[in-house]
Structure formats: C-alpha cells, structure tokens
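The structure appears right after this line, and notes come after that.
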Amino acid sequence: MQRSKSKKQSKPSIPPWVWGLGAAILILVIGFLFWQQNNNTAYPLEITVAQAAVKRDQGAFILDVRQPEEWVQFHIPGATLIPLGELPARLNEVPTGREVVVVCRSGNRSQSGRDILRKAGYSQSTSMAGGVTDWQAQGLPIATGE
C-alpha cells in the first residue's frame, strides 16, 4: 500500500530583520517629511536692501532691533522698534502669518533677531544685509524722531 504524501505549499516567511528595516525606513521618511514641512528653508535667511524695500512696499512687517537712541536718529518709515534684548519677551507684538524683515544698523543684530523669530516659528522671517545704514546710503526713505 502506498501512502499518499500531501505536500503543503507554504508561503515563504519574511525574516524579522526585513520588517525591522522596513519600519526604520518608514520612520525616516515620515521624519524627513515632517522636518521639511516645519523647516521652511525656501525662505531666504538674508536679503538685500533693495529686496527689503520691495517687501516693505508689499506689506512686510519691518522689525528694527536697534536701541531706542539709534532709532531716534533715523529709521525706516513704518518699522516697529523692539530692541534685540527685549525680542524674546515681546514676540506677541510680531504678527504671525506675515513676512518679517528684521533690520539693525549694519546687519549683525538683525541676524540674531531673525534666528529668535525662526526658533519661535516665524518661518517667513529674514534679515536685511547692510542694515539701515545701507538703506539710507541707497537714498531710500527714512524717518527721524520717535
């Protein structure tokens, strides 16, 4: 008598390391997409005086981070003064959902101001190279006094 052997067709099993690798890749892709969404690197870190003038005319918020005594000498008309040292405590005075151009005398403090804003979620903030000194030198409008 002959025995009939039934062969079971088994599906090849996927090794656990393949599942782990797939999960790791998925986590990396999701992390990258989240980082891209929350790290708006497309907005420039720094712009020229001419570009800042255009943005101002288009309604950007101009934030001057100099000291009050510098502001009184001359400033960009329509700008708002918040000294750099006070900026972290006064972020509520900077509008959200609007472009922000940070300015100072020469362009150094404005970079720090821009970085404070970006860390606080203001992804459309930039600093103006050359500062209000270059703004004035290029013949753009200025205001004096308070």
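Every residue, every condition in (1) β-branched (Val, Ile, Thr); (2) over 21 Å from TYR43 (Cα atoms), yes or no:
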residue: ILE82; (1), (2): yes, yes
residue: ARG90; (1), (2): no, yes
residue: THR96; (1), (2): yes, no
residue: GLU99; (1), (2): no, no
residue: LEU117; (1), (2): no, no
residue: PRO141; (1), (2): no, yes
residue: THR144; (1), (2): yes, yes
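Exactly one residue among GLN67, GLN58, GLN51, GLN124 is under 13 Å from the mean Cα position of the chain (by Cα) and among the polar types (S, T, N, Q), and that residue is GLN124. Of the residues GLY107, GLY85, GLY31, the single one that is at pLDDT below 95 and either exposed (fewer than 12 other Cβ atoms within 10 Å of the Cβ) or in a helix (DSSP H, G or I) (or both) is GLY31. Looking at the structure I just gave you, is THR133 part of a helix (DSSP H, G or I), surrounded by fewer than 16 Cβ atoms within 10 Å (Cβ to Cβ), in the same structural domain as ALA53 (by TED's automatic domain parsing) and of a type in the set (Val, Ile, Thr)? Answer is yes for this residue. On the basis of being closer than 26 Å to THR144 by Cβ and part of a loop (DSSP other than H, G, I, E, B), does GLY78 make the cut? Considered against the rule, which asks whether it is closer than 26 Å to THR144 by Cβ and part of a loop (DSSP other than H, G, I, E, B), GLY78 comes out as yes.
Listed conditions (1) at pLDDT 90 or above; (2) surrounded by fewer than 11 Cβ atoms within 10 Å (Cβ to Cβ); (3) outside any helix (DSSP H, G or I) are all met by ARG66, apart from (2). The set of residues from region 77-96 being out of contact with any Phe, Trp or Tyr (no Cβ under 6 Å at 6 or more places or on another chain), within 19 Å of GLY130 (Cβ to Cβ) and hydrophobic (A, V, I, L, M, F, W, C) comprises ALA79, LEU84.
The values are calculated or read from the model by the stated rules, or taken from the named source; none is laboratory data. All values reported here derive from a predicted model rather than from experimental measurement. In this analysis, Cβ positions are derived from the backbone assuming ideal geometry, glycine residues included, and neighbour counts consider all displayed protein chains.
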